[in-house]
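Shown next, in structure tokens, is the structure this report addresses.
The values are calculated or read from the model by the stated rules, or taken from the named source; none is laboratory data. The model shown is predicted, which means the values in this text are computed figures rather than measured ones. Neighbour counts run over all protein chains shown; Cβ positions are idealised from the backbone, glycine included.
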Amino acid sequence: MNKLKNRSVLITGASRGIGREIAKSLAAENADLILLGRNMDMLEETAKLCRDEGATKINCHNVDLSDNHAIDEFCEEIIKKGGIDMLVNNAGDFVQGHALNGDADAWDAAMKLNLMTPMRLTRSFSPGMRDREWGLIINLGSVAAIEGMSGVGAYAATKHGLRGWSLSCYRQLREYGIKVVLINPAFVNTDMTAGVQVNDRDLILQPEDIAEAVMLAVNTSPACCPEEITLRLTRNAM
């Protein structure tokens with residue numbers, strides 16, 4: 001408890017699923033939460049759940065993460081108020097497509113949300129972390145970031161790009177006491193994977209599993225950074 005007291009944490013995609021569970025876990029550590037999402041009603045529901053966990057400072061924002069100007073304005077507003085100590089780049093989208101088929105415009109949109117937006121947010125907030133010599137950046141990748149994906153190569157490309165960015169940020173920022181952690185889950189039981197055919201959705205990874213991986217990064221000492229965490233299924237899911 002209280003490991004993040006007086007630490008300001010920004011979580012994108014916090015209105016449901018993985019983002020909501022991460023927010024709840026960090027709320028239990030008394031973090032000051034800044035929640036981003038596209039649905040204010042769902043964000044307020046996340047905020048309520050976080051208050052139940054003990055968080056007292058929670059702000060919800062509806063920011064269009066496809067709009068660079070909107071992102072920059074939001075970042076400037078937060079920086080004027082003191083910046084953030086922890087960034088969770090969770091917002092993302094699944095996109096179909098491969099070498100033989102797919103909508104290239106949809107690929108552009110997915111590349112923007114899955115890769116360019118985390119890059120932009122990191123660029124905005126990491127200088128403040130450097131100046132304070134403390135920071136934690138969590139990037140939500142995928143097993144698609146570490147292997148090829150037949151049928152969804154376009155999605156894999158966005159996550160491979162995020163992996164390259166995250167690992168590079170770790171090397172760039174570690175000397176300032178900033179942890180940068182990439183989490184690569186297998187399929188998670190969320191709305192985004194609703195179309196994936198599995199025998200029992202209770203036996204695939206749950207949002208709570210990813211939140212626990214985030215807490216590993218929080219719980220390790222300042223000298224220890226779990227640079228990359230891959231979460232796969234056990235036999236129970238087979």
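List of remarks:
- Any hit, region 43-57, residues being under 21 Å from residue 114 (Cα atoms) and not aromatic (Phe, Trp, Tyr): yes
- Strands (runs of 3 or more DSSP E) contained entirely in region 1-75, each with at least 3 residues that are surrounded by 19 or more Cβ atoms within 10 Å (Cβ to Cβ): 8-11, 32-37
- Residue in region 211-238 that is modelled with the lowest pLDDT, counting only those that are in a loop (DSSP other than H, G, I, E, B) and of a type in the set (A, V, I, L, M, F, W, C): 238
- Some residue of region 178-187 being in contact with a Pro (Cβ under 8 Å, 6 or more places away or on another chain), closer than 30 Å to residue 104 by Cα and modelled with pLDDT under 95: no
- Test: residue in region 136-147 that is in a loop (DSSP other than H, G, I, E, B) and more than 21 Å from the chain's Cα centre (by Cα): no
Residue-wise test of (1) among the hydrophobic types (A, V, I, L, M, F, W, C); (2) in a helix (DSSP H, G or I); (3) touching a strand residue (DSSP E or B) at 6+ places or on another chain (Cβ under 9 Å).
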position: 93; (1), (2), (3): no, no, no
position: 106; (1), (2), (3): yes, yes, no
position: 122; (1), (2), (3): no, yes, yes
position: 126; (1), (2), (3): no, yes, yes
position: 157; (1), (2), (3): yes, yes, no
position: 160; (1), (2), (3): no, yes, no
position: 171; (1), (2), (3): no, yes, yes
position: 174; (1), (2), (3): no, yes, yes
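- Within region 50-67, residues that are at positive phi sit with their Cβ atoms under 8 Å from residues that are modelled with pLDDT under 95 and in a loop (DSSP other than H, G, I, E, B), at 6+ positions apart or across chains, in these pairs: 54/1.
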